[in-house]
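In what follows, a structure is listed as structure tokens, so that the remarks can point back to it.
Read the figures in this text as sums done on the coordinates, not as results from a lab. The shown structure was predicted, so the numbers you read here are calculated from the model rather than taken from an experiment. For neighbour counting, all protein chains shown are included, and Cβ atoms are generated from backbone atoms with ideal geometry for every residue, glycine included.
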Amino acid sequence: MQLRYSFRLYPKPGQRTALARAFGCARVVFNDAVRAREDARRRGLPFPRAAELSRHLITQAKRTPERAWLGEVSAVVLQQALRDAETAYRNFFASRKGERKGSKLGAPRFKSRKDARQSIRFTANARWSITPVGRLSLPKIGELRVKWSRALPAVPSSVTVIKDAAGRYFVSFVVDADPAADAARMPDTDQSIGIDLGLTHFAVLSDGTKIGSPRFLRRAEKKLKKAHRELSRKQKGSKNREKARWKVARAHARVTDARREFHHQLSTQLTRENQAIAVEDLAVSGLARTRLAKSIHDAGWSQFVNMLAYKAQRYGRTSVKVGRFEPTSQVCSACGHRDGPKPLHVREWSCTACGTVHDRDHNAAINIKAAGLAVTACGAPVRPEPVLAQREETGSQGIPHGSRAA
């Protein structure tokens, strides 16, 4: 299994210029590849192959006055930009044919220098290295200062430098997980848990534990509204508007980082304490179109469930998604009697068959656990497909820039 370890990066002014040049060159090569394919499509010609695009868009382009500046950056960065374009088209066609799961993907679009996220990738043949003093040495960029939170568990296969919307720089390493080390880190246990996700409480566990919803976006709304109001009053194209835009981006980044940190800590705790974890497969995309959309996005259920899935796979746990049409809120967990649907405002109810008084969320969590154990016992597939390069909880992207809780 591959994981992605992210750390904060602090380039110097000259290195920021070199990174901006690399971002721009990678973007130009990507756009040239998309343009070449679109021109071939309009003319009814076969799509140019990757080797042909590499020869025309990189090797020969460097010899022309219009694209001579492509030689100022590492050739690996440009080759990876071509690979990204190839992957984007491959995913698009797989989505059109129904071979790719998830929502339908659109055709690749041109990248813009105003995109919120800029990135470049270096593979092993780019001759990047980590110096003895802990600096990241990248070709034609220099030695960059990294905020290390812990040592990498293995030699990375690639490194990606990212600049986010808030102007922060991060470096992301892809490494192969060590199964033996993971097994020693989290030994087997005989505990299992069912999780009912909600809005009043972020999660209610089958053992009765209720985890409050932090509501990071709601708590930051006052500052966000003020920042957006100041941005709207600045003249377009002015330096003050650019400063206000950075302020808005940083405010949103703080909310995102705090939410991700909360999800990482909770998912790691549940994975460590339980051998089997059952959670309901919620239709988040549908719920996000209701009047509760802001609260649902603020909760971030999908991100949390995905973390549970890949951590369970990594540490040898069992992760089960219970079907969304399972009547977990209607069935009495004591006698199994189905008592019928209930409005959302009904938080407690009594079973008409046995008279047991139930807390709605706790009862649902118990039923989710029972359904998950039933799926495990009957031999149905309970683990997700292999997940590549997930963001590891040990990175330093949260706030503050220290290590993540494990």
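Helix 216-232 axis versus longest C-alpha principal axis of the chain: approximately 40°, rounded to the nearest ten. Note down the Stokes-Einstein diffusion coefficient of the chain in µm²/s, whole number, using a Kirkwood radius over alpha carbon pairs, 37 °C, and 0.692 mPa s. Using the Kirkwood radius from Cα pairs, D works out to 135 µm²/s.
May I ask for the longest run of the chain untouched by GluC sites (Glu not before Pro) that are loop-located per DSSP and have at most 12 neighbouring C-beta atoms (other than their own) within 10 Å?
Details: sites that count: Glu66, Glu99.
My reading of the result: 100-406 is the longest stretch.
Using 0.36 nm per residue and subtracting the Cα-Cα separation, the extra length available between Thr59 and Arg150 on full extension is 28.8 nm. Summary value for the chain: 20 percent relative contact order, contacts being C-alpha pairs under 8 angstrom separated by 6+ residues.
Solvent-free Debye calculation, one equal scatterer per alpha-carbon of region 117-248: log10 I(q)/I(0) at 0.10, 0.14, 0.17 Å⁻¹ equals -0.69, -1.00, -1.02. Against the chain, whose longest principal axis comes from its Cα atoms, helix 360-377 is set at around 80 degrees. Rounded to the nearest 10 degrees, what's the angle between the helix 13-43 long axis and the longest principal axis of the chain, both from Cα atoms, 0 to 90? Value to nearest ten degrees: 90. Its alpha carbons give region 2-176 an Rg and a Dmax of 17.3, 55 Å.
List, in the order given, every pair from Lys210/Lys294; Lys147/Lys236; Lys97/Lys321; Lys101/Lys294; Lys62/Lys101 whose Cα-Cα distance in the structure shown is over 30 Å.
On the way: Lys210/Lys294 22 Å; Lys147/Lys236 35 Å; Lys97/Lys321 26 Å; Lys101/Lys294 26 Å; Lys62/Lys101 39 Å.
Beyond 30 Å: Lys147/Lys236; Lys62/Lys101.
Divide by every residue of the chain the summed helix terms, -39500 (n - 2.57) for each DSSP H run of at least 4, and state the resulting mean residue ellipticity at 222 nm, rounded to the nearest 500 deg cm²/dmol.
Computed ellipticity for the chain at 222 nm equals -13000 deg cm²/dmol.
Report the local net charge at Ser350: Lys and Arg +1, Asp and Glu -1, summed over other residues whose C-beta lies under 12 Å from its C-beta. So the surrounding residues net to -1.
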